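Step one of this worksheet: look at the structure below.
A short reminder: the numbers here are calculations on the coordinates, not readings from a lab. This is a predicted model, so every value here is computed, not measured. So basically every Cβ, Gly included, is an ideal-geometry build from the backbone, and we count neighbours across all protein chains shown.
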Amino acid sequence: MKRALVVMLAGLLLGACSESIENFTCTRNLDCRTGLQCNPAGECVEAKELKIEQVALPDAVLGETYEQGLRASGGITPYSWSMTVVEG
């Protein structure tokens, strides 16, 4: 018989399973135990640490489009990037 305990404390989801984690679903990395990450299918899986390659950025020119590629390794693909630019 499979048993699981899930407790919600101040917005943090804690889970404890009596058997393997294969049947435990997740929606974010906080749902998985240490060393595991949540994949797009909602499964806690082993994944290497996400590393984002540092690159030197070219100078920007006022009024012109600015584009720079990013590279990453590890983690869970597909990667999703977003950025917010502040005034000033």
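A compact table of results
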{"item": "Surrounding net charge for residue 37, when Lys and Arg each add one and Asp and Glu each subtract one, Cβ distance under 12 Å", "result": "-1"}
{"item": "Cut-off 11 Å between beta-carbons: net charge of the residues surrounding residue 73, Lys and Arg +1, Asp and Glu -1", "result": "+1"}
{"item": "Ranked list, fewest to most other Cβ atoms within 10 Å of each Cβ, for 34, 27", "result": "34, 27"}
